[in-house]
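The values are calculated or read from the model by the stated rules, or taken from the named source; none is laboratory data. Keep in mind it's a predicted model, so treat the numbers as computed, not measured. For neighbour counting, all protein chains shown are included, and Cβ atoms are generated from backbone atoms with ideal geometry for every residue, glycine included. Just so you know, the surface numbers come from the protein's heavy atoms only, side chains and all, with ligands and any DNA or RNA stripped out. Shrake-Rupley method; radii C 1.70, N 1.55, O 1.52, S 1.80 Å.
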Amino acid sequence: MGKWATRLIALTYLAFLLVIPVGIVFYRTFKDGFGPFWDAVTTPGAEHAFRITVEVAVMAVIGNTVFGLIAALLIARYRFPGRWLLNAFIDLPLAVSPVVVGLALILVYGRFEPVGRFLGDHGFKVIFALPGMVLATIFVSLPLLVRVLVPVLEEIGTEQEQAAYTLGASGFQTFRRVTLPAIRWALAYGMVLTLARALGEFGAIAVVSGNLVGKTQTLTLYVQQEFQNFDAVGAYAAAFLLALLAIISLVVINVLRPKEHSS
């Protein structure tokens, strides 16, 4: 009885928190058919917002994949002064509001700040431009990949890596042939989580982008704009597109994973 009650509570919680709200968005997106949805997502504004969203998300995933791998290896494989500080900094985005992140970036890279002025004088604009949006997205999604990789690296241990070193393998060869295959699915899953988080970022992006229509407007900002303009169809269509991208990413990684393990 206790087992079924626990399942019922969990399913009810998920239903009211996730399934019903998302289901309502899906229903209202297509309640008048596919035509209005297609018309809404093929407007120039929606297409540009979609393209900017994908560009920012992909660059954020690439940046966090490189840093996340390095940081995870440092935390799991080495003991060094300041290790606890690195751990704390990685978790900082979970504790700080994305709006605060955006404001902090403006205080560093704004056109009237020393760093921002220097970059601007050399033709590199950060705030109210794509680089600032990428930096903000990287920051808010920073912990996801690291926190997926560290437990896996600690679980697999270092025995096989030490054996590879003993046989004369270099550090890069050991990483490519021993470490990377052992963590490939954790790495892929962390990248998918990072992608999903990057696609849905709003707060930090809203601050650093300036929400310039046709220039720095992402899909999340486009959804807000359409709601404010009382265009419910456009807002629901863009929201559905965001949700669909995240769901497809998660489904793909979960469908492919068993096939890889069974081979």
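Tabulated data
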| quantity | calculated |
| --- | --- |
| Rounded FRET efficiency, nearest 0.05, which uses the C-beta distance separating ASP121 from VAL22 and R0 of 30 Å | 0.05 |
| Normalised per residue, the volume of the convex hull around the Cα set of region 22-71 (Å³) | 89 Å³ |
| P(r) tail fraction, region 133-195 - alpha-carbon pairs more than 16 Å apart, % | 53 percent |
| Ordering of 169-181, 121-133 by packing [mean C-beta count within 10 Å, highest first] | 121-133, 169-181 |
| Relative contact order of the chain, defined on C-alpha pairs under 8 angstrom at six or more residues apart (%) | 29 percent |
| Portion, in percent, of the accessible area of region 107-237 that falls on carbon or sulfur, probe 1.4 Å | 63 percent |
| Pairwise FRET efficiency - THR12 versus TRP38, Cβ, R0 = 45 Å, nearest 0.05 | 0.80 |
| Projected-area mean, region 1-112, by convex hull of Cα positions, square nanometres | 13.7 nm² |
| Heavy-atom surface of the chain, accessible at 1.4 Å and reported per residue (Å²) | 58 Å² |
| Cα-based Rg and Dmax for region 49-129, where Dmax is the largest Cα-Cα distance (Å) | 15.9, 44 |
| Label point at ARG51 placed 7 Å out along Cα→Cβ; residues across region 188-218 whose backbone nitrogen lies under 17 Å | 212-218 |
| Cleavage-rule hits, chymotrypsin sites (Phe, Trp or Tyr not before Pro), region 17-105, DSSP coil, Cβ neighbours within 10 Å at most 12 | TYR78 |
| Cα-derived Rg to Rh of the chain, Kirkwood definition | 1.03 |
| Mean ellipticity per residue at 222 nm, deg cm²/dmol - from DSSP H runs of n ≥ 4 across the chain, formula -39500 (n - 2.57) | -25000 deg cm²/dmol |
| Environment charge of HIS48, counting only residues whose C-beta is closer than 15 Å and scoring Lys/Arg +1, Asp/Glu -1 | -1 |
